[in-house]
Structure formats: C-alpha cells, structure tokens
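First up is the structure itself, then whatever we jot down about it.
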Amino acid sequence: MRADTNSPSDADLDRMWPPDEAQGKVRSLTPLLTVEQVSLRTAVGRYLAANIVAVEDHPPFAAATMDGYAVIAEDASPWREVIAEQMAGGAIAATVTEGTAVRITTGAPIPCGANAVVPVEETEAADDHIVIHQERTVPGANIRPIGSDLRRGDPVLRAGTPLGPAEIGILAGQGLVPVAVRRRPRVSIVSTGDELVEPDRPLGPGQVRDSNRFSLEAAVSETGAETVWSGRAPDILADLRHVLTERIAASDVVITTGGVSMGQLDLVKPLLSELATVHFRRLFLKPGKPLNFATTEAALIFGVPGNPVSALVSFELFIRPALLMMAGAADIDRPRVQVQLDAPLTAGDRIEFQRAMVFTDETGLLHASSTGAQQSSRLSSFLGANALLIIVPRAEPYAAGERVEALLLGAPAGAAS
Ligand code: AMP
Ligand code: MG
C-alpha cells in the first residue's frame, strides 16, 4: 500500500510546490517493483535485487599465468628433467621433485610439489631436459593463487547495482545464474494536442510534429524502463478518457504531454482529477510549472506540459528518479556540483533549471556556459547540454564568475582548448 493516497486539499493542490518538496512526494509514493529471475544474456541494464556474495574462490585453483615449466623455485640446478605435461582443462597426477619440471600452459593448474613457473622464453629444451637461463626463480613466480580475484564469502556486488559487462562476467564466473533483478517499469506515453502530426507526415496549417513522444521514449529507454505503448490522443474529452483509463490500467507509469495549462482544451488536468488522486499540479519551477502528478493503486501518472523543454526537464527531475527507484536502482540522483558561470545570467521568478555545457579547466575547476536562449519551446537549448544549472530567484542578476549549483546529466567535457 502507498503511504499516502488520501486526496490532498484544494489549497494544497493550488499552492506552488517547491521542486524538492514535489520530488519528495513522488518518491514517497513510488513503489518497488517485484523481483524476477533473468538469464545473464538479458540482464544488461537491469538492477540487482539482492547483495551478491562470492560462493566460490576465484580462480578455483592455483594456475600458471605463463606458458613454461612448473618447478621448485629453490632448486639450485639449472637442469630439469621434464616428467609430464599439464595443459589447461585437467589435472595430472605427477608431482614435481628436485631436478624435475612439468611443462605447463597458461591457465593450467600448478602440479603438486611445484611453487613457481619458469617462462618458456627463459628455457632451452633438449631431449627430455630443459636448461633454465634465468639466474633466480622466485617462489610463487607466474602463479595466480587460488582465490586471488575473489574469496568465497567476499561481498562482491550490492543490491541496486546496474548490471554491466563486468558485473555480468562476475556472476557468470561464480555460476550465479539466473540472476534476481527487479521487473522493468512498464511505461505508456500519451501525446495530446490536436495540432500534432506524426514525424513522417507533412505539416498542414497550424500543425507541429509530435516530438515529445519520441524524446520521452528515448529518455525512458535510457533508464532501462520499457515503453509498452506510445501514441497520440485527441483533445476530445471522451476519447482522451478512454485512452487514459486503458493506459493507467496497463502501466506502472503513464506520461502524458500537453493539456495541463489553463487553455480551454487542456483536458488532462480535469481527467487526472477524475481518474486518479492528484498530489500536486503547480510547481515553483521553470520550465515545468504545470506538471501534474497523480497516482492510482498501481500506477504513477505524470502530466507533463507540452513544450518540449518542459517535458524533458520534468522527466529529468521527477520521472527518471521514479523509474530508477521502481526498478530497484541504488543510485537514482544525478550528481550535484558547484560550477562557475562564464557569463552573467538573469534570474527568473521561479527556480529555473537552465541547460548548460559544463567543462573542466586545466586547474580542475568546473565552468558552465549557456546553450543560448532558454525558452521552454526551444528544444535546441538541450543540444550539447550536459548539465542543468539551478538558478534560484533573486533581485540582482548572477554575475560572470559566480558559482551556482548544477545537476550533471553527463560527464563534464575536458578542458576547453
Ligand atoms: P500545451 O501544454 O498542450 O499547452 O502545449 C504547449 C506547447 O507545446 C504548444 O505550442 C504545443 O503545440 C507544444 N506541444 C504540445 N505537445 C507537443 C508534442 N508532443 N511535441 C511537440 N510540441 C508539443
Ligand atoms: Mg495542448
């Protein structure tokens, strides 16, 4: 059960919520999805459901790290009789004694009695003997000890870790298959607006192409969640009601775009009040002021504004963390850093998340330069942006050289040349 499904009062709905309070509300209502077992081949990008402890020593036996001869290091004579051959993938019965050696390949188990491997390059073979050229052989040389990578019982991976190539390799090496991960969030994306046409259609008078559905689907996919449905709904109450009812029933998360402002055909807002419990719908935030957040017993619904930048900023601040949290990710927050402004900025009347390019200078200091005009309709302000600057309202402008807080969406670029 959710912590809070009571309907908020009208006063609570109509006040301007600070973004961090709204984020806290979303988190408090975000469920953790159930656990499922998946094969390693389908595990990339999923989040571990439980801590992983090594169940075996790895490597499971002491092995040669070079092709050569297994010997007793302290044996003074350069001559050795080669008594057997040990290849990778088996274990012979021979025991190495003074004056003897076993020919060995990389990855093969060290035979009894031996405590070093002399690389083949340091030897000369003659009949059934070898002569060792190197002056000294150190005990343990060219041997990878048992458990030198992982010891049985070692904590290896924490619950909530995203599975990438190294993690999947470790699980395979430990024989931990299948792996327990959280279910992927099922997301539906509904674009509203009678002016919208598909990207492959020519534009008629007053029409724009639906870009939000595609940018949002890409953003969903980057979190590892799955878009199970995406489509357009007209600005007609009955039709929109039908689509929303169906999508809410079939999804963990429904994202609608458009229709949450004050216009005559802004139908999402009244429909969310009818179909779900609305928790907030006005934010002290720019862009993204009219973001509507509602829940039902089984779904989170985000009604994001239609302007393309507002849609993506809303996704970044509210939807991405919710999707990651549902999927069981340990790390759901973007890094927050202090950056130095390269040019002056004017503060708005709400907390503003401005798109910027952050880079590191030669001294390691982080600088930010703006991506240009910041209107919520100007999607190109997101191009090249690797950060959102958090610009808090104040009377005087921000000066060049001042420091502000930023959310890092990607790694800072290297020093500008
Ligand atoms: P709305 O939030 O419905 O009032 O829309 C605000 C602005 O965003 C309008 O200029 C819309 O044409 C535009 N818009 C709405 N939805 C989309 C969309 N899916 N793709 C691109 N632009 C959109
Ligand atoms: Mg609209």
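Overview of values
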item: The range 222-309: trypsin sites (Lys or Arg not before Pro) falling in loop per DSSP and having at most 11 other Cβ within 10 Å; result: none
item: Assigned charges on the beta-carbon of Lys, Arg, Asp, Glu; the chain dipole about Cα centre (debye); result: 1760 debye
item: Farthest positive-ward along the chain dipole, Cα basis, beta-carbon charges - from G263, P290, G164; result: G263
item: Computed helical MRE - 222 nm, the chain, DSSP H runs ≥ 4 contributing -39500 (n - 2.57), nearest 500; result: -5000 deg cm²/dmol
item: Exposure of W229 as accessible area (Å², to 10), given a probe of 1.4 Å and all protein chains; result: 80 Å²
item: For the chain, built as a Gaussian network whose Cα springs stay under 10 Å, the top-fluctuating residue of D20, D67, D349; result: D67
item: With DNA, RNA and ligands ignored, accessible area of R209 (1.4 Å probe; Å², nearest 10); result: 110 Å²
item: Virtual spin-label span in nm between L40 and L365, 7 Å along Cα→Cβ; result: 4.8 nm
item: In nm, spacing of pseudo-spin labels at E226 and M262 (7 Å Cα→C-beta vector); result: 4.3 nm
item: Protein accessible area in the range 1-133, 1.4 Å probe - carbon and sulfur %; result: 55 percent
item: Where the range 345-417 is the region considered: accessible area per residue in Å², 1.4 Å probe; result: 47 Å²
item: Efficiency of FRET from Cβ geometry, W79 and D20, R₀ 56 Å, rounded to 0.05; result: 0.15
item: Efficiency of FRET from Cβ geometry, A125 and E56, R₀ 41 Å, rounded to 0.05; result: 0.70
item: For L389, net neighbour charge (Lys/Arg +1, Asp/Glu -1) across residues whose Cβ lies under 15 Å away; result: +2
item: Contour excess over end-to-end distance, with Cα ends at E396 and A249 and 0.36 nm allotted per residue; result: 48.1 nm
item: Computed Kirkwood radius, in angstrom, where 1/r is averaged over Cα pairs of the range 202-317; result: 14.5 Å
item: Mean-position separation - Cα centroids, the range 33-109 and the range 224-292, in angstrom; result: 58 Å
item: Percent RCO, i.e. relative contact order, over the chain, from Cα pairs under 8 Å lying at least 6 residues apart; result: 16 percent
item: Computed log₁₀ I(q)/I(0) - Debye formula, equal Cα scatterers, no solvent, the range 280-369, q 0.14, 0.16 Å⁻¹; result: -0.66, -0.81
item: Spin-label model distance (nm) - Q340 vs C112, 7 Å beyond Cα toward Cβ; result: 6.9 nm
item: Rounded to the nearest 20 debye, dipole of the range 113-230 from Cβ charges on Lys, Arg, Asp, Glu; result: 820 debye
item: Equivalent ellipsoid semi-axes, the chain, via Cα gyration tensor eigenvalues times 5, rooted, Å; result: 61, 26, 18
item: Euclidean distance between Cα centres, the range 136-190 to the range 351-385, Å; result: 37 Å
item: Qualifying trypsin sites (Lys or Arg not before Pro) for the range 324-386 [loop in DSSP, other Cβ within 10 Å: at most 11]; result: none
item: Cα gyration tensor shape for the range 344-391, rounded if a/c is under 1.5, else prolate or oblate; result: oblate
item: Additional length obtainable on full extension of the chain from A11 to S211, 0.36 nm per residue less Cα span; result: 68.6 nm
item: Rg(Cα)/(2.2 N^0.38 Å) for the range 1-80, N = residue count; result: 2.53
item: Projected area averaged over orientations for the range 26-68, convex hull of C-alpha atoms, nm²; result: 6.0 nm²
item: Distance histogram in 5 Å bins (all Cα pairs of the range 143-236, percent per bin); result: 2, 10, 15, 14, 11, 9, 7, 7, 7, 6, 5, 3, 2, 1, 0, 0
item: Solvent exposure of the range 184-323 as accessible area per residue, Å², 1.4 Å probe; result: 38 Å²
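The values are calculated or read from the model by the stated rules, or taken from the named source; none is laboratory data. Keep in mind that this is a model prediction, so the values were computed, not measured. Virtual Cβ from ideal backbone geometry, glycine too; neighbours counted across all protein chains shown. Just so you know, the surface numbers come from the protein's heavy atoms only, side chains and all, with ligands and any DNA or RNA stripped out. Shrake-Rupley method; radii C 1.70, N 1.55, O 1.52, S 1.80 Å.
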